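Colleague: This structure is in structure tokens; I'll ask about it shortly.
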Amino acid sequence: MTAREPTHTRSDNSDPRVQNPDAQAIYEYLKTVDQATFERLVAKAGLPEAQLRDILDDLQADGLVTVETGFSTVTISVADDDEHHRDEDSVATDGGAIHTVADAVAGDAAAVNLASGKVWEILASQRRRKTLRFLATLYEPESKTYIGLRDLATALVQTATARRHQHVSADEYHAVYVSLCQTHAPLLAENGLVRYYERPQKVRPTDDIVDLVRMMGWIDAACDRDVTEGSA
Amino acid sequence: MIAEILDALAQDRGPAANLDIDLSSEKLFEVVENQHRREVIGYLAAHGGCDEEAVQLDDLAMFIAAVSYGFRIGELSHEHKWVAVAALAQTHLPLLDEAGLITFDEEAERIEPSDKIDDVAALLTIIAHSVSEGEQP
């Protein structure tokens, strides 16, 4: 926990409940933008992540900010003005969905449940990467949502051609469908990324797919951004 | 919905945020798909940075042969080495050269890593550390 600084550095319009000057600066910044991702705050504050996490935990404990864990990002927002004076105990009013920043950010380090050699093998195919990205968008925790391989093939072909305003040719669709049945669905199932129901030809994304797609995001971010396929 | 999630994913730059790999992700995935190429990248990044940056094909082949057969370098036969030399010279090194990660001088049998290789090696390490089953990149 960051040691709290004496209060003499506060500016006049500062919130008396924020005592650390770094925390003050971050809170002021959040008030101007309303909400920001953790990564954005790291970049903006220029502080080590651990220190920023401590500061945000303090701000959250004081009820000044709220922290939400999204699909792949941690968003920090300024708590509503009306609620500024509520007690610490009442912060988690939405049924405990608010986590501490430390918990939320620790999710970033979630290990992908595969050997790294497997990760590279799985990600080597562009069609498989597209399939993974698409399936990750269907993922809901503890949901039984599944998608038929025909629908999946249609969706993949459509996203591939949508920008070109072309009709999907039957051949193109068929090639995608066959590769899903014969190659991608079995391989993804073998590696625990989907449950594959062979007879009805349906797949359901598992928890692991989210971690892998998040990892793909890191790789895309490290690569040349002008030509990154993730934005396609 | 999809666009939002892709945006969210794009913002999540993760532990590789400081890396600047001068390759399309398409090319990167192609390069690092093969385990021997991943080994070569790790080897060259580890052996670069000294005065003598270039690596001889022979030395690299010995390393790759040792990795693939699980032998110590002293226990390798010529045959083991030549299999590795052939795979490196015909497939892996030309591909790494084309991606701009190395310069491969076939005549002199010399490999010179470019400065792009360090970030790719770093990414391999990051991913290897972010998977549950620890494995060398």
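Colleague: May I ask you to sort A:Asp171, B:Asp119 by Cβ crowding, counting other Cβ atoms within 10 Å and putting the fewest first?
Modeller: A:Asp171, B:Asp119
Colleague: Do me a favour and compute the ellipsoid semi-axes for region B:25-129 from its Cα gyration tensor, root of five times each eigenvalue, largest one first, whole Å.
Modeller: 21, 16, 14
Colleague: Per residue of region A:173-182, in order, report the coupling 6.51 cos²θ - 1.76 cosθ + 1.60 (Karplus, θ = phi - 60°) as ³J(HN,Hα) in whole Hz, putting x for Gly and Pro.
Modeller: Ordered by residue, 3J(HN,Hα) equals 4, 5, 4, 5, 4, 5, 5, 5, 5, 8 Hz.
Colleague: Would you grab the residues whose amide H sits under 5 Å from the one on A:Val194? Only those 5+ places off in sequence or on another chain, please, with H modelled 1.01 Å from N.
Modeller: Excluding prolines and chain starts, which carry no amide H, the hits are A:Ala189, A:Thr206.
Colleague: Continuing with the same structure: On average, how many beta carbons from a partner chain sit within 10 Å of the beta carbon of a residue in B:26-39?
Modeller: 4
Colleague: Let me ask something else about it. Can you sort A:Phe134, B:Phe29 from fewest to most other Cβ atoms within 10 Å of each residue's own Cβ?
Modeller: In order of increasing Cβ crowding within 10 Å: A:Phe134, B:Phe29.
Colleague: In terms of the Cα gyration tensor, with a ≥ b ≥ c the square roots of its eigenvalues, is region A:116-231 rounded because a/c is under 1.5, prolate because a/b exceeds b/c, or oblate?
Modeller: Oblate, because a/c is 1.5 or more while a/b does not exceed b/c.
Every number in this text was worked out from the coordinates using simple rules, so none of it is lab data. Quick caveat, the model's predicted, so the values are computed rather than measured. Neighbour counts are summed over all protein chains in view; Cβ atoms, including those assigned to glycine, are modelled from backbone coordinates with ideal geometry.
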